[in-house]
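The values are calculated or read from the model by the stated rules, or taken from the named source; none is laboratory data. Quick caveat, the model's predicted, so the values are computed rather than measured. No Cβ is skipped: glycine too gets one built from the backbone with ideal geometry, and neighbour counts run over all protein chains shown. Side chains included, ligands, DNA and RNA excluded: accessible areas come from the protein's heavy atoms. Shrake-Rupley method; radii C 1.70, N 1.55, O 1.52, S 1.80 Å.
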Amino acid sequence: MNTDVLDTENLIPTLAIPNTGVVITGGASGIGLAVAKTLAAVGRPIAIWDINLEKAKNSAAIISKQFNVKAIGIGINIMEVEAYDDAIEKSRKALGSLGGLVHCAGIVDTGSLEGITLETWAAGIDTHLRPLAFLSQKLYRDFTLNKGSAIVTIASINATLGNAINPIYSAAKGGMLSLVRSLADRLARDNIRINSVSPGQIHTPMVQASLDSLPENFFEKRILLGRLGQPEEIGRVVRFLLSDEASYITAAEIVVDGGNISSQRG
């Protein structure tokens with residue numbers, strides 16, 4: 001039985017605890033970049049992993065200067081599992097310790113059923129779902145050595161709603177929810193927490209293309225709060241889940257969609 005509990009009498013906010021380094025995949029743009037900034041804002045060291053090395057390095061340098069934290073940018077194709085060990089070693093060396101993982105890297109298929117190929121299927125699964133398993137495995141030892149370690153993966157409301165346009169994306173995100181529950185059962189014995197965040201329509205570069213091609217208010221009309229979310233609104237939730245503020249939350253899906261899933265608006 002795990003008896004490691006926090007001091008419940010201390011109600012001072014603990015968003016900055018633990019202060020271990022956090023690996024963020026897809027961290028150079030969109031939600032990943034917002035996560036990096038919100039974590040750095042409370043002093044957590046960050047490793048920005050991104051397929052675009054230049055953007056990763058530039059983002060890390062800007063964030064390090066702005067928030068006075070350790071930060072490193074690493075170029076990596078998240079589909080290449082064989083590259084994880086080197087990236088982890090570089091991250092550990094730069095940050096001093098690793099106690100958090102946020103898996104944000106993502107791609108979106110738009111070909112519906114007719115567009116599924118062996119290549120697009122593999123790319124979608126190997127970008128979203130497979131990295132969560134292997135990164136959790138490879139970071140496991142670091143996390144057991146650092147109290148308060150936690151993992152957050154970015155899923156999607158499409159894992160629940162489904163979408164005819166992007167079946168591979170929806171399937172991979174649905175798989176994430178199941179994998180989180182399975183990993184939580186295993187990691188809990190070491191007091192490592194793992195949760196998922198399912199964003200709704202968030203105003204990111206990935207969504208901008210849809211906004212440009214769809215009628216005005218296409219998304220907003222069915223969102224209870226009447227607007228798209230901002231990446232930083234996801235970042236704040238991720239920061240909470242990685243902190244001791246969320247010390248009794250694991251195996252959970254936190255939906256951050258402005259009231260999209262529950263909406264009956266047409």
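When you work out D = kT/(6 pi eta Rh) for the chain at 37 °C and 0.692 mPa s, using the Kirkwood radius from C-alpha pairs as Rh and the Stokes-Einstein form, the result is 175 µm²/s.
Spacing of the modelled spin labels on residue 85 and residue 164, each 7 Å from Cα toward Cβ, amounts to 4.7 nm.
Can you give the relative contact order of the chain as a percent, counting alpha carbon pairs under 8 Å and 6+ residues apart? Walk me through the intermediate numbers first.
Working: 536 pairs, mean separation 55.4, N = 266.
It comes to 21 percent, rounded to a whole number.
Highest-first packing order for the peptide set 47-54, 14-21 is 47-54, 14-21, based on the mean count of other beta carbon atoms within 10 Å. Considering only 146, 46, 73, and ranking their Cα positions along the charge dipole of the stretch 21-259 that arises from unit charges at the beta-carbon of Lys, Arg, Asp and Glu, the one farthest toward the positive end is 146. Round to a whole number: what % of the accessible area of the stretch 21-259 belongs to carbon and sulfur, probe 1.4 Å? The nonpolar share, carbon plus sulfur, comes to 54 percent.
Considering the stretch 18-112, its Cα convex hull presents a mean projected area of 6.2 nm². The stretch between residue 245 and residue 52, if pulled fully straight at 0.36 nm per residue, gains 66.2 nm over its current Cα-Cα span. With respect to the cross-link table entries 173/221; 55/147; 55/221; 138/173; 70/173, which display a Cα-Cα separation exceeding 27 Å? Long pairs (Cα-Cα over 27 Å): 55/147; 55/221; 70/173.
With 19 Å as the cut-off, how large is the P(r) tail for the stretch 135-266, expressed as percent of Cα-Cα pairs? Intermediate values should be presented prior to the final figure.
On the way: 4708 of 8646 pairs.
When every Cα pair of the stretch 135-266 is considered, 54 percent fall beyond 19 Å.
Counting other Cβ atoms within 10 Å, which trypsin sites (Lys or Arg not before Pro) in the stretch 180-234 have at most 13 and lie in a DSSP loop?
Numbers: sites: 181, 186, 189, 193, 221, 222, 227; in loops: 227.
Answer by residue number: 227.
With a cut-off of 11 Å between beta carbons, the residues surrounding residue 141 carry a summed charge of 0, where Lys and Arg count +1 and Asp and Glu -1.
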